[in-house]
2 protein chains.
Amino acid sequence: MKKAIILLSGGVDSTTTLAIAKNQGFACYALSFDYGQRHKIELEFAREIAVEFDVVEHKIAKIDLRIFGGSALTAEIEVPKNAPQSEEIPITYVPARNTIFLSYALAYGEVVGAFDIFIGANAVDYSNYPDCRENFLQAYEKMANLATAASQNERASFKIRAPLLKMSKAEIIKTGIALGIDYSKTHSCYDPIIITDGKIIACGKCDSCQFRLKGFREAGL
Amino acid sequence: MKKAIILLSGGVDSTTTLAIAKNQGFACYALSFDYGQRHKIELEFAREIAVEFDVVEHKIAKIDLRIFGGSALTAEIEVPKNAPQSEEIPITYVPARNTIFLSYALAYGEVVGAFDIFIGANAVDYSNYPDCRENFLQAYEKMANLATAASQNERASFKIRAPLLKMSKAEIIKTGIALGIDYSKTHSCYDPIIITDGKIIACGKCDSCQFRLKGFREAGL
C-alpha cells in the first residue's frame, strides 16, 4: 500500500482531500498544525476526522507563526467580515503558510517513506492566496525533489497532489458527499465564537464561511 | 538600507554569512531555530553573535522536528564519530531541514519586507546534504517567488543568497577573520559535552567538528 501525507486542517477542502486519497488506496498519514491560529478549534475537528478516516497516524506539529505576525489569523488584526471578493490578497493570508506546511509534510514524508503529499489547495472559490495556485505547487514539487536525501537515495520522486485545485466549492462538496463525508463534522470559520458548553458558532461572514455557504448553496444543500 | 534575513545557527558558516551580509550594507534580521537539536547549546552562541553584530532583531523560532525524528540530531540515534567522508548522506542529515528553515525565513522576510535571504550553505567541505547544493537553492528561490503575496504586490523578488557556497572551510575562515570574527565565540559540534560550570567541550570527532578542525588547519591557524 502506497503511503501519502495529507495536510489536514479540519475544513471542507482538506477533509475532502483526505477522503480522495483514502479512496485512491493510499495509506494516509495526516498532518495538522497548531500554528497560533485564532481558529485553533479546527484542530479538534481534524482530530476526529483523522479517527473517522482511520489514518495510520495523525501528527499535530506545534509551530508558532505568531512570532512573525502579519496576518489576521495569527496577529491582533480583525478578520474582515462580508468583504466583497476581489483580486486583492486579503489580510487573512498568512505569510508563506503553505510553503511552511508543505516543508513539514516533506520532512514527515521523508521519514515515513511517503512520496505523495496531498494538499487541499483550490484556485477557483478561494481567497487569491498565491500559495494555492498551480504554478506555486509545481515549483514546490520541483524544489522538493532536490531537497531531500530520500529523493536521491531511493530514486523515488515526491508528488504534490492537489486534487481539488480546479474544482468549485460546490463540486468539492458533491465529491465529498459521494465519498461519505459528513460535513457537519468539519470546520471552516476563521473567527468562531466558542460557547461555554463547548458549542461553536461560525461567524458566517468571514471569507472562509462565505465560500463554505456559497458551496453548499450551489451544491443545492 | 536594504533588509536581509540571515539564518543563524551560531556556527562558523552562518556567523561568517552574517558578517558578509553586514559588510554588504544590509540591515540584518537574524533567525535561529530551537528545533529539538541535540546541540541546542548552539543557540546561546547565536544569541551572543547576534548582539555582537548588532542585528536589528533576532528571532528564535521554536519548532519541533523531533516529532518526525529520522536524524541523529533530533532522535535517539548516535552521532557518528571519526567517520570517513564519503558520497553518502550521513545520519546527521535532518529531513527537509533547510527547506523548513528557508520557509520560515520567507515568512519572516515577507512580514518585515526583507527580500534577501542569506544562508550559510556550503557545497565544498560539507556532509553531502542535498539541501546545501546550488540546484536546490535555485529551485527554492524560484518557488519562493511564486509563494508569497509580497513578491506579487510589491513586485519585489526574493533572492536566496549563499555567499559561502563554493568556498572551502579554510577560505570561509579566512574571510571571516578579515571581517573581524572571533571564531572562539562560535559553536560547531553536533554532540557537545556540557560541563556543570557552563563550559562546553566539543567532541572533536563528529563531521561538523572535523570540518571545523580541517578548516582551521588549512587556514594555517
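The values are calculated or read from the model by the stated rules, or taken from the named source; none is laboratory data. Everything quoted here is computed from the prediction, not taken from an experiment. Every residue, glycine among them, receives a Cβ derived from its backbone with ideal geometry; neighbour counts consider all protein chains shown.
Aliphatic (A, V, I, L, M) and within 25 Å of A:ILE201 (Cα to Cα): which single residue out of A:ILE173, A:ILE119, A:ILE160 fits that description? Can you show your working first?
Values: A:ILE119 fails: within 25 Å of A:ILE201 (Cα to Cα); A:ILE160 fails: within 25 Å of A:ILE201 (Cα to Cα).
Result: A:ILE173 is the single residue among A:ILE173, A:ILE119, A:ILE160 that is aliphatic (A, V, I, L, M) and within 25 Å of A:ILE201 (Cα to Cα).
Taking B:ASN122 as meeting all but one of (1) out of contact with any Leu (no Cβ under 8 Å at 6 or more places or on another chain); (2) at pLDDT below 95, write down the number of the exception.
With respect to (1) out of contact with any Leu (no Cβ under 8 Å at 6 or more places or on another chain); (2) at pLDDT below 95, B:ASN122 is out only on (1).
Would it be correct to say that A:ILE67 is modelled with pLDDT of 95 or more and buried (at least 16 other Cβ atoms within 10 Å of the Cβ)?
Numbers: modelled with pLDDT of 95 or more: no; buried (at least 16 other Cβ atoms within 10 Å of the Cβ): yes.
No; evaluated as a whole, the condition is false for this residue.
When you check A:ARG38 against the structure, is it away from chain B (no Cβ under 14 Å), part of a loop (DSSP other than H, G, I, E, B) and under 28 Å from B:ALA61 (Cα atoms), yes or no?
Values: away from chain B (no Cβ under 14 Å): yes; part of a loop (DSSP other than H, G, I, E, B): yes; under 28 Å from B:ALA61 (Cα atoms): yes.
Yes, satisfied.
How many of the residues in the range B:110-128 are facing chain A (nearest Cβ under 9 Å) and touching a Lys or Arg at 6+ places or on another chain (Cβ under 8 Å)?
Residues in the range B:110-128 being facing chain A (nearest Cβ under 9 Å) and touching a Lys or Arg at 6+ places or on another chain (Cβ under 8 Å): 1 in total.
Residues of the range B:137-170 being within 7 Å of chain A (Cβ to nearest Cβ), closer than 16 Å to B:TYR108 by Cβ and more than 22 Å from the chain's Cα centre (by Cα), which ones?
B:ALA147, B:THR148, B:ALA149 - these are the residues of the range B:137-170 that are within 7 Å of chain A (Cβ to nearest Cβ), closer than 16 Å to B:TYR108 by Cβ and more than 22 Å from the chain's Cα centre (by Cα).
Among the residues of the range A:1-21, which ones are part of a loop (DSSP other than H, G, I, E, B) and surrounded by 19 or more Cβ atoms within 10 Å (Cβ to Cβ)?
Going residue by residue through the range A:1-21, those that are part of a loop (DSSP other than H, G, I, E, B) are A:1-2, A:8-11.
Within the range A:1-21, A:LEU8, A:SER9, A:GLY10, A:GLY11 meet the criteria.
Which pairs do you get when a residue that is on the phi < 0 side of the Ramachandran plot, found in the range A:62-77, comes within reach of a residue that is assigned to a strand (DSSP E or B) and surrounded by fewer than 16 Cβ atoms within 10 Å (Cβ to Cβ), reach meaning Cβ atoms under 7 angstrom, with the pair 6+ apart or on two chains?
Sorted first by the residue in the range A:62-77, then by its partner, the pairs are A:LYS62/A:ASP34; A:ASP64/B:LYS62.
Given the residues A:TYR104, A:TYR183, which is the only one that is under 25 Å from A:HIS58 (Cβ atoms), within 14 Å of chain B (Cβ to nearest Cβ) and of a type in the set (Ser, Thr, Tyr)? Working first, answer last.
Working: A:TYR183 fails: within 14 Å of chain B (Cβ to nearest Cβ).
Going through A:TYR104, A:TYR183 in turn, the sole match is A:TYR104.
Are any residues in the range B:72-106 out of contact with any helix residue (DSSP H, G or I) (no Cβ under 8 Å at 6 or more places or on another chain) and within 22 Å of A:ASP64 (Cβ to Cβ), and if so, which ones?
Within the range B:72-106, B:LEU73, B:PHE101, B:ALA105 qualify.
Could you figure out which of (1) over 18 Å from B:VAL111 (Cβ atoms); (2) within 10 Å of chain B (Cβ to nearest Cβ); (3) among the basic types (Lys, Arg) isn't true of A:ARG97?
Evaluating A:ARG97 over (1) over 18 Å from B:VAL111 (Cβ atoms); (2) within 10 Å of chain B (Cβ to nearest Cβ); (3) among the basic types (Lys, Arg) leaves (1) as the failure.
Of all residues in the range A:22-54, count the ones that are buried (at least 20 other Cβ atoms within 10 Å of the Cβ) and farther than 21 Å from A:THR99 by Cβ.
6
What are the residues in the range A:57-84 that are within 14 Å of chain B (Cβ to nearest Cβ), aliphatic (A, V, I, L, M) and part of a loop (DSSP other than H, G, I, E, B), if any?
Hits for the range A:57-84 are A:ALA72, A:LEU73, A:ALA75, A:ILE77.
Of all residues in the range A:142-163, count the ones that are among the small types (Gly, Ala, Ser) and modelled with pLDDT of 95 or more. Spell out the reasoning first.
Taking the range A:142-163 as the starting set, the residues that turn out to be among the small types (Gly, Ala, Ser) are A:144, A:147, A:149-151, A:156-157, A:162.
So of that shortlist, the ones also modelled with pLDDT of 95 or more come out as A:144, A:162.
Number of matching residues: 2.
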